[in-house]
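Trainee: Dropping the structure in here first, questions after.
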């Protein structure tokens, strides 16, 4: 008997699959390789077969197995092998099994897989007793440590979302074998967008927006079911192609192969808690060699660090929004939405210094609502609040972008008017008086205002300017209200 036939006669194996058709297909494709091939429909059945007679090769088809249900049983089955050859057949859209079982260092192949290639993979495991992943050498471990360090360094300066994505892609691209790296980000509207991509060599010209036929709203892209990066972002699971044809999209395979790509990996970027992932990292590799078991841990860590970087960005944005909100609350009158007294005093001091430095005129207007107490007493405080808001809105609509309206007291307001002389201030005050007089106040009769106008003196302080303009406003009230008075020097 030839030596090859003698060797074939000694080969034994167990194939595990929950699907009868898959068991039949495997027996048809690979049965001739074995002297004895047992078929099992569950990990428990396979364990029983192993207890009855050892097998040279255990093949586990992971299609239809679920980690939440079957992980313990499968891990126990692989542990029983005690170093004997094991081959995992893992669906490309559900490659999460590989990191979950990599502690047992099995060999793996991604499915769907053509019968001829499956037969070659099984024969290679049998002939070379290669049904176990080889231990990572020192060079591979150094490369993985360097990859972790580069990705971690990206987190040192997460200045902006686009910058973070680009730096992550550059860090991943430095891992030997990676030709193209990209980052997808889940948007507030619930869809996916390509944030950044980097390529080298032949893949430097590769543009995923062209390959995927769009660069935005990618969860509706025609190839969302086939490209690992999109799959990972949509499902939250590791997705992997070890041959490009497995996705069932010849156009995609041809486009990637034209840029030297042989494998594709999609890594989900985990969310802070339950729910959809934040996005995904996409790696396109030039070689077709299986990944070392340690690589899966490193890639998972990279995805976790990417999630941390995005969270830091979110925290920065949240801090900026909180600071803006605090600034608004501390500087704005809650009722009318104009500057409050404290902020108005700061702005007036600033404008006084500017006017004095550049020798430009500065006017200050002061007005309050005539007989405002009577409005509150007659119609109630809610109507009084409406009157205040209406007057503030009416006056604000007349002001220039450089003017500032300030609520300085109950019904009293100031207008800071840079580059405005006393004459121009009087004209502005008259426009305000007329507009308020014509404004309709919901819930009560029309109201009027009395105004004072003052121009900053050459050596005058802000406090002195305020005293003069308020004195002018008081004279306007004494003069019969609903009129304008110019402050005396």
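Trainee: Can you give the Kirkwood hydrodynamic radius of the chain from its Cα pairs, in Å with one decimal?
Mentor: When all Cα pairs of the chain are included, the Kirkwood radius is 28.5 Å.
Trainee: Moving on. Ranked from highest to lowest mean number of other Cβ atoms within 10 Å per residue, what is the order of the peptides 52-62, 249-259, 235-245?
Mentor: Output ranking for 52-62, 249-259, 235-245: 235-245, 52-62, 249-259.
Trainee: Please compute the contact order of the chain in relative form: average sequence separation of alpha-carbon pairs under 8 Å and at least six residues apart, divided by the residue count, as a percent.
Mentor: Normalised by residue count, the contact order of the chain is 9 percent.
Trainee: How much of the DSSP beta bridge set in the chain is antiparallel, as a percent to the nearest 5?
Mentor: Taking every DSSP beta bridge with both residues in the chain, the antiparallel ones total about 65 percent.
Trainee: Relative contact order for segment 138-317: what percent, with Cα pairs under 8 Å and sequence separation of 6 or more?
Mentor: Value for segment 138-317: 23 percent.
Trainee: Would you please put 36-45, 273-282, 450-459, 328-337 in order of how densely packed they are, using the mean number of other Cβ atoms within 10 angstrom per residue and starting with the highest? It would help to have the intermediate numbers written out before the result.
Mentor: Working: 36-45: 17.5, 273-282: 19.2, 450-459: 21.2, 328-337: 13.7.
Top to bottom by mean Cβ count within 10 Å: 450-459, 273-282, 36-45, 328-337.
Trainee: Something else now. Calculated from DSSP H runs of 4 or more alone, at -39500 (n - 2.57) each and per residue, what is the 222 nm mean residue ellipticity of the chain, nearest 500? Don't skip to the answer; put the middle values down first.
Mentor: Numbers: 17 runs with 228 residues, N = 489.
Result for the chain: -15000 deg cm²/dmol, rounded to the nearest 500.
Trainee: Where does segment 214-329 land on Rg/Rh, using Cα atoms and the Kirkwood Rh?
Mentor: Taking Rg over the Kirkwood Rh, I get 1.10.
Trainee: Need one number for segment 3-127: average projected area of the convex hull over its C-alpha atoms, nm².
Mentor: So the Cα hull casts an average projection of 7.0 nm².
Trainee: Which of the peptides 193-205, 295-307 is most tightly packed, and how do the rest follow, going by the mean number of other Cβ atoms within 10 Å of each residue? Walk me through the intermediate numbers first.
Mentor: Details: 193-205: 18.0, 295-307: 20.0.
In descending order of packing, they fall as 295-307, 193-205.
Trainee: Right, here's the next one. Can you classify segment 180-221 as rounded, prolate or oblate using the Cα gyration tensor, where a ≥ b ≥ c are the square roots of its eigenvalues, rounded means a/c under 1.5, and otherwise it's prolate if a/b beats b/c and oblate if not?
Mentor: Working: a/c = 4.23, a/b = 1.95, b/c = 2.17.
It comes out oblate by the Cα gyration axes.
Trainee: Another question, if that's okay. Tilt of helix 161-173 relative to the longest C-alpha principal axis of the chain, in degrees (0 to 90, nearest 10)?
Mentor: 20
Trainee: Bin all alpha-carbon pair distances of segment 195-266 at 5 Å intervals from 0 and give each bin's fraction as a whole percent.
Mentor: Each 5 Å bin holds this share of Cα pairs: 4, 16, 29, 29, 19, 3, 0.
Trainee: Using only the C-alpha atoms of segment 138-317, find the volume of their convex hull and express it per residue in Å³.
Mentor: Dividing the Cα hull volume of segment 138-317 by its residues yields 103 Å³.
Trainee: With angles folded into 0 to 90 degrees, how steeply does helix 341-358 sit against the dominant principal axis of the chain? Use alpha carbons for both and round to 10.
Mentor: Roughly 80 degrees between the two axes.
Trainee: Measure nothing but the geometry: give the 0 to 90° angle between the long axis through the Cα atoms of 293-331 and the longest principal axis through the Cα atoms of the chain, rounded to 10°.
Mentor: 10
Trainee: Okay, next question. Mind listing the Cα extents of segment 341-486 along all three principal axes, in Å, largest one first?
Mentor: 48, 29, 22 Å, listed from the longest principal axis down.
Values in this text are rule-based calculations from the coordinates and carry no lab data. Just so we're clear, the structure is a prediction, and the values are computed from it rather than from any experiment. Glycine gets a Cβ as well: all are built from the backbone with ideal geometry, and neighbour counts include every protein chain shown.
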